[in-house]
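*Asks:* My questions will all concern the structure given below.
The values are calculated or read from the model by the stated rules, or taken from the named source; none is laboratory data. Being a predicted model, the structure only gives us computed values, none of them experimental. Note that each Cβ is placed from the backbone with ideal geometry, even for glycine, and that neighbours are counted across all protein chains shown. For the accessible areas, the whole protein counts, side chains as well, though only heavy atoms, and no ligand, DNA or RNA atoms are used. Shrake-Rupley method; radii C 1.70, N 1.55, O 1.52, S 1.80 Å.
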Amino acid sequence: MKRENYRALDESLDPPRWDELEDIGAEMVRDMMQFLQTIRETPVWRQPDESIRRQFEKPLPREAQPFREVYEDFKKHILPYHLGNMHPRFWSWVMGNGSAQGMLAEMLAAGMNSNVGVGDQAAMYVDRQVIDWCKEMMGFPGESSGSLVSGASTANLNALVVARNAANRYIRQCGLQVYSGKLVMYASTETHSCIQKAGEIMGIGSEGVRKVNVNAAYEMDTAHLEELIKEDLVLGNIPFCVVANVGTVNTGAIDPLEEIFFIALKYRLWFHIDGAFGALLKLVPEYASKLRCLELADSIAFDLHKWMYMPYEAGVVLIKDAQEHRNAYALQPDYLAHHSRGIAAGPELPSNFGFELSRGFKALKVWMTLKEQGIDKYSRLIRQNVHQAKYLASLIRKTDRLEVMAPVSMNIVCFRYDPGWLNASALDELNREILLQLQEQGIAAPSYTRLKEAYCLRVAVTNHRSRREDFDLLVREVLRIGESLTEGVFSQEITSH
Ligand SMILES: *Cc1c(COP(=O)(O)O)cnc(C)c1O
């Protein structure tokens with residue numbers, strides 16, 4: 001065989017010239033730093049038009065292309081068409097900004113390409129360290145267990161499976177057939193859709209997720225909870241769990257944890273908390289009494305990519321009883337057996353506490369940014385967001401044509417523009433149009449919801465870049481757009497008569 005042929009056999013993905021790739025890498029870092037530094041001066045959002053969408057309908061690439069060209073493609077066709085959640089005036093759904101430091105940490109994690117699923121490697125200890133810090137943040141005991149997962153949806157599912165299996169130790173072997181009755185759990189009507197989806201995945205069906213009424217502040221009505229439990233017991237159903245919200249997605253309501261805890265105790269139910277973003281208020285002393293009973297939960301799910309501003313993705317599940325966590329997930333065949341020496345030694349497998357085996361090094365960005373900033377900085381930022389939400393609510397209350405639509409208990413403000421002379425459906429239409437114009441003009445990005453049928457603009461502040469002036473601007477712009485729209489309608493009505 002000729003010499004060239006040997007060379008051809010030994011291909012790899014490494015660059016032909018490392019120095020060139022190094023230059024591109026340095027340029028990427030500079031470009032992204034510039035991008036993040038100037039984000040405030042750019043539109044919150046810009047729509048990917050037809051020509052952009054067409055860029056991603058191409059056949060599988062067969063030929064090589066210089067990395068630089070691919071990077072140019074990214075800069076032209078991907079980067080400008082972001083969702084906007086790094087922007088100081090992005091308040092849609094509940095989303096975090098990430099950070100430049102987090103971005104660099106992600107690069108390091110990708111460079112190491114750690115599989116934090118197995119083995120005696122530093123990444124496994126970092127992963128465990130971060131979970132321990134999360135326990136400390138939530139007031140969970142050191143001997144509880146936990147896992148870093150993709151997000152709160154997965155974290156909730158992880159915990160609810162533990163709750164389901166804790167109710168019967170034969171369930172892993174025999175499945176739901178071990179029960180003669182229907183398994184049921186409870187959650188308020190304001191609960192996030194991922195809880196219902198978890199119920200569906202777990203085989204209890206959406207009907208197995210009982211919807212408990214809420215009061216005027218959108219908090220769980222615990223009298224109704226108890227009624228439903230009693231009803232189920234009479235019907236021969238098997239209640240196993242109650243899910244409490246700390247921060248509902250619509251309005252940020254906190255369910256009455258203490259009452260729910262005692263009801264769970266009385267009926268021997270697993271007490272789970274979905275605290276996707278709200279649980280982070282545990283870091284803010286003003287909420288101490290309201291969240292006093294959070295640590296009484298058997299399990300909690302929350303996100304680090306929302307109100308801890310970590311780059312996507314990072315969610316956390318904590319389970320008070322580590323043995324129940326293992327009972328639900330641990331399964332170690334020979335090829336995963338733990339050794340006392342060598343590469344297969346090290347900490348207990350994360351797969352004992354969840355479904356995933358191969359896992360990325362999500363922990364690194366958390367570890368690095370927490371060390372850099374310190375937890376007190378996060379407490380201050382979270383408190384700042386709460387104050388900003390209250391500030392926005394106060395601006396709205398002071399403004400004639402604006403109306404706050406729900407109590408502002410933490411960082412979410414639901415409101416609408418109401419000129420005072422429109423019927424309900426026209427008012428909905430008007431507010432939807434205001435929202436779309438805010439977004440399409442790149443001014444700000446609130447989202448929306450319906451409260452008691454009424455369409456509202458919804459501002460969820462989990463944004464470390466927002467400043468007070470951003471909320472002044474929001475109010476000004478809502479008024480400007482609202483007025484321009486209603487003046488149009490008004491004059492149209494006059495001229496058409
Ligand atoms: C965002 C959210 C979820 C889902 O979390 P993901 O990280 O998007 O999976 C669940 N519950 C609440 C209350 C949320 O706000």
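*Asks:* Does region 334-353 contain any residue that is touching an Asp or Glu at 6+ places or on another chain (Cβ under 9 Å) and crowded, with 18+ Cβ neighbours inside 10 Å?
*Replies:* Looking through region 334-353, at least one residue is touching an Asp or Glu at 6+ places or on another chain (Cβ under 9 Å) and crowded, with 18+ Cβ neighbours inside 10 Å.
*Asks:* Here's another thing I want to ask about it. With the checklist (1) open to solvent by less than 70 Å² (accessible area, probe 1.4 Å); (2) assigned to a loop (DSSP other than H, G, I, E, B); (3) out of contact with any strand residue (DSSP E or B) (no Cβ under 7 Å at 6 or more places or on another chain); (4) more than 30 Å from Ser51 (Cβ to Cβ) in hand, flag the one item Gly111 doesn't pass.
*Replies:* All conditions pass for Gly111, except number (2).
*Asks:* Filter region 314-346 for residues that are assigned to a loop (DSSP other than H, G, I, E, B) and within 21 Å of Ala155 (Cα to Cα) and give the result.
*Replies:* Of the residues in region 314-346, the ones assigned to a loop (DSSP other than H, G, I, E, B) are 314, 320-321, 330-333, 337-346.
Hits for region 314-346 are Ala314, Lys320, Asp321, Ala330, Leu331.
*Asks:* Moving on to the next point. When residues of region 284-313 are filtered for being of a type in the set (A, V, I, L, M, F, W, C), in contact with a Ser or Thr (Cβ under 8 Å, 6 or more places away or on another chain) and near the ligand (Cβ under 10 Å from one of its atoms), how many remain?
*Replies:* Total satisfying the criteria: 1.
*Asks:* Separate question: If a residue counts only when it is farther than 30 Å from Trp307 by Cα, which helices (runs of 4 or more DSSP H) contained entirely in region 172-282 have at least 1 such residues? Step through it out loud before you land on a result.
*Replies:* On the way: elements: 193-201, 222-235, 257-266.
The qualifying helices (runs of 4 or more DSSP H) are 222-235, 257-266.
*Asks:* I want to confirm something. Restricting to region 29-62 and keeping residues that are in contact with a helix residue (DSSP H, G or I) (Cβ under 7 Å, 6 or more places away or on another chain) and farther than 22 Å from Arg89 by Cα, which single residue is most open to solvent (accessible area, probe 1.4 Å)?
*Replies:* Gln55
*Asks:* Of the numbered conditions (1) part of a loop (DSSP other than H, G, I, E, B); (2) in contact with a strand residue (DSSP E or B) (Cβ under 6 Å, 6 or more places away or on another chain), Val408 fails exactly one; give the number of that condition.
*Replies:* (2)
*Asks:* Restricting region 328-369 to residues that are more than 20 Å from Gln121 (Cβ to Cβ) and modelled with pLDDT of 95 or more, which is farthest from the chain's Cα centre (by Cα)?
*Replies:* Ala330
*Asks:* Is there a residue being in contact with a helix residue (DSSP H, G or I) (Cβ under 8 Å, 6 or more places away or on another chain), crowded, with 16+ Cβ neighbours inside 10 Å, in contact (Cβ under 8 Å) with a residue 60 or more places away in the chain and under 24 Å from Gly84 (Cβ atoms) anywhere in region 412-428?
*Replies:* Yes: one or more hits.
*Asks:* Moving on. Here is a check on your reading of the model: is Val149 within 16 Å of the ligand (Cβ to nearest atom) and touching a helix residue (DSSP H, G or I) at 6+ places or on another chain (Cβ under 9 Å)?
*Replies:* yes
*Asks:* Something else about it: Since Ile171 meets every condition but one in (1) crowded, with 18+ Cβ neighbours inside 10 Å; (2) under 24 Å from Ala276 (Cβ atoms), which condition does it not meet?
*Replies:* (2)
*Asks:* Let me ask something else about it. What is the one condition in (1) open to solvent by 10 Å² or more (accessible area, probe 1.4 Å); (2) under 25 Å from Met95 (Cβ atoms) that Glu231 does not satisfy?
*Replies:* Of (1) open to solvent by 10 Å² or more (accessible area, probe 1.4 Å); (2) under 25 Å from Met95 (Cβ atoms), only one is false for Glu231: (2).
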